[in-house]
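These notes concern the structure reproduced below.
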Amino acid sequence: MIILTTTPVALIVIIAAISLGLGVLIAGTVMRKNIVRKSLHILKEAKTEAEVIKKEKILQAKEKFLQLKAEHERYVNEKNQKLSADENKLKQRESTFSQKMEDLQRKQNEVTTIRENLNNQLEILNRKQTELEKSHKQQLEQLETISGMSAQEAKNQLVEALKQEAQVDAQAFVKEMMEEAKLTANMEAKKLVIQSLQRTATESAIENSVSVFPIESDEIKGRIIGREGRNIRALESATGIEIIVDDTPEAIILSGFDPVRREIARLSLHKLVTDGRIHPARIEEVVAKTQKQIDQEIIDLGKRTAIDLGIHGMHHELLRLVGKMKYRSSYGQNLLQHSKEVANLAATMASELGLNPKIAKRAALLHDIGKVPDNEPELPHAVLGMKLAEKYKEKPEVCNAIGSHHDEVEMNSLISPIIQVCDAISGARPGARREVVESYIKRLNDLEELALSYPGVVKTYAIQAGRELRVIVGSEKITDAEAEQISHDLSKKIQTEMTYPGQIKITVIRETRAVAYAK
């Protein structure tokens, strides 16, 4: 045994250490107890909360189960109802099909019965027909014996008699219908022409082959002529117009068959006289500018004319030719004015007849387009105009109306005769065209002499400015039929041998007089 000897200080330290250790031990025991107690409390709360959550989940699961169960039952019920409905429909269809099969079987039986009855009736008919044929043959033999003529001969005589009777009746009916149609057609045509003329404004012929250029003094004449005539030669060479400077006071005459050239010369002279500078170089410059100006005015005039008539979509080259018609004339009648007049007449007639007035206007405006092309081939102007219209994609009925308005091609649309009639009306109306007096008088004399060449003709009179020819024949020399034949032959002869505007009416008059004297 070892006995340690310690000092009081050391003893105090040991005691303090032991006390500290005991304190720490006691404190640790107390803390451990508190921790155990808290853990137990937390564990208890966790168990309680877990029970609550468990119950809630169980309730939710039950609710979900009940919901799914209800949905399943509803789905099963719907399927069962649909199956029941389909089953009912199927049963109904089976019932309908069975009914139809029964009806079909019944009808088939009826058809079989009807067929048997028809066969029986057909046998009866065949038997009766055989008996009738035998009886008919016996009757024919008896009739042939009585009449002394075979059945075929009798039939031929009957057919011939019926044919002659039907032919006479048909001729009378056709004659009556033709006379009625002529009366109605003449009345309707006159009414239509009069209405169209009354609704269309017209002008008289004003075109000339010369233009008069007014000047202020004779001094300007000398400047226009120039030194040794060089200015006037340069002007004539540039324009292609003959410039006549004579003793006429304050006027110079521009002569030429081409109105476009005359207009270019007139405007060029006006510009030169206004400017005051007149020499060959200046003349060529002014003429070139004036020609461009006239070309543009021609195009603008064609466009304005188309717009005024309500015509759209026309090719620009056709519009240029339309504008150029202003500077062309036919028998003194301005070509553009004539075409506009024909267009208005054609639109009126087409509207009255229930046709398209726009197509009629278009065809009428272009019907004389073949008279104004830049290059003029050796073709009739109607055919040339038709080819130009076809080239620039005009409609077939428009092209046909252009080509057939003088009967160069066959008409194949209702617009074509309208254009032909309106062209004749526009050219034949009083004041439309101007003729030389000598040629006019010669044409009237030729008409009368042509009619006098026929045997039996007593007198002839050309009246209404040559639009009508009245022929008086002797009643003792010519019959009514011969008078009708003279009018027909005379019309054909005038068509082939004479040239005239419009149409000529030939009236042959045969008059019978009985004269007696009471004394």
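Just one of the numbered conditions (1) free of Cβ contacts under 8 Å to residues at least 60 places away in the same chain; (2) in contact with a strand residue (DSSP E or B) (Cβ under 8 Å, 6 or more places away or on another chain) is not true of residue 259; which one?
With (1) free of Cβ contacts under 8 Å to residues at least 60 places away in the same chain; (2) in contact with a strand residue (DSSP E or B) (Cβ under 8 Å, 6 or more places away or on another chain) applied to residue 259, the lone miss is (1).
Between residues in the stretch 491-519 that are in contact (Cβ under 8 Å) with a residue 60 or more places away in the chain and residues that are among the aliphatic types (A, V, I, L, M), which pairs lie under 9 Å by C-beta distance while being six or more apart or on different chains?
Cβ pairs passing all conditions: 501/424; 501/428; 501/432; 502/424; 502/425; 502/428; 503/424; 503/428.
Residue 475 - would you say it is more than 25 Å from residue 422 (Cβ to Cβ) and touching a strand residue (DSSP E or B) at 6+ places or on another chain (Cβ under 9 Å)?
In short, yes.
Identify the single condition in (1) under 17 Å from residue 505 (Cα atoms); (2) modelled with pLDDT under 85; (3) surrounded by 15 or more Cβ atoms within 10 Å (Cβ to Cβ) that residue 465 does not satisfy, given that it satisfies every other one.
Going through the list (1) under 17 Å from residue 505 (Cα atoms); (2) modelled with pLDDT under 85; (3) surrounded by 15 or more Cβ atoms within 10 Å (Cβ to Cβ), residue 465 breaks only (3).
Filter the stretch 349-399 down to the residues that are among the β-branched types (Val, Ile, Thr) and over 17 Å from the mean Cα position of the chain (by Cα), then identify the one that is nearest to residue 417 (Cα to Cα).
383
Please determine whether any residue of the stretch 190-197 is out of contact with any Ser or Thr (no Cβ under 9 Å at 6 or more places or on another chain), surrounded by 10 or more Cβ atoms within 10 Å (Cβ to Cβ) and modelled with pLDDT of 75 or more.
Looking through the stretch 190-197, none of the residues is out of contact with any Ser or Thr (no Cβ under 9 Å at 6 or more places or on another chain), surrounded by 10 or more Cβ atoms within 10 Å (Cβ to Cβ) and modelled with pLDDT of 75 or more.
Restrict the check to the stretch 364-387 and report whether at least one residue is buried (at least 17 other Cβ atoms within 10 Å of the Cβ), of a type outside the set (Val, Ile, Thr), without any contact (Cβ under 8 Å) to a residue 60 or more places away in the chain and farther than 17 Å from residue 318 by Cβ.
No.
Let me confirm something: among 311, 298, which residue is touching a Lys or Arg at 6+ places or on another chain (Cβ under 6 Å), more than 27 Å from residue 252 (Cα to Cα) and surrounded by 15 or more Cβ atoms within 10 Å (Cβ to Cβ)?
Just one listed residue meets the conditions, 311.
Does residue 105 satisfy the criteria of being surrounded by 10 or more Cβ atoms within 10 Å (Cβ to Cβ), assigned to a helix (DSSP H, G or I) and at pLDDT below 75?
Spelling it out, it is not the case that residue 105 is surrounded by 10 or more Cβ atoms within 10 Å (Cβ to Cβ), assigned to a helix (DSSP H, G or I) and at pLDDT below 75.
Would you please name the residue that is farthest from the chain's Cα centre (by Cα), looking only at residues in the stretch 468-492 that are open to solvent by 80 Å² or more (accessible area, probe 1.4 Å) and over 14 Å from residue 505 (Cα atoms)?
476
Could you grab me the full set of residues in the stretch 451-462 that are among the hydrophobic types (A, V, I, L, M, F, W, C) and either out of contact with any helix residue (DSSP H, G or I) (no Cβ under 8 Å at 6 or more places or on another chain) or open to solvent by 30 Å² or more (accessible area, probe 1.4 Å) (or both)?
452, 458
Which one is farthest from residue 320 (Cα to Cα) among residues in the stretch 272-292 that are in a helix (DSSP H, G or I) and open to solvent by 70 Å² or more (accessible area, probe 1.4 Å)?
So the residue we want is 274.
The values are calculated or read from the model by the stated rules, or taken from the named source; none is laboratory data. Predicted, not measured: the structure shown is a model, and the values here were computed from it. Every residue, glycine among them, receives a Cβ derived from its backbone with ideal geometry; neighbour counts consider all protein chains shown. The protein model used for the area step is the full one, side chains on, heavy atoms only, and it has no ligands, DNA or RNA in it. Shrake-Rupley method; radii C 1.70, N 1.55, O 1.52, S 1.80 Å.
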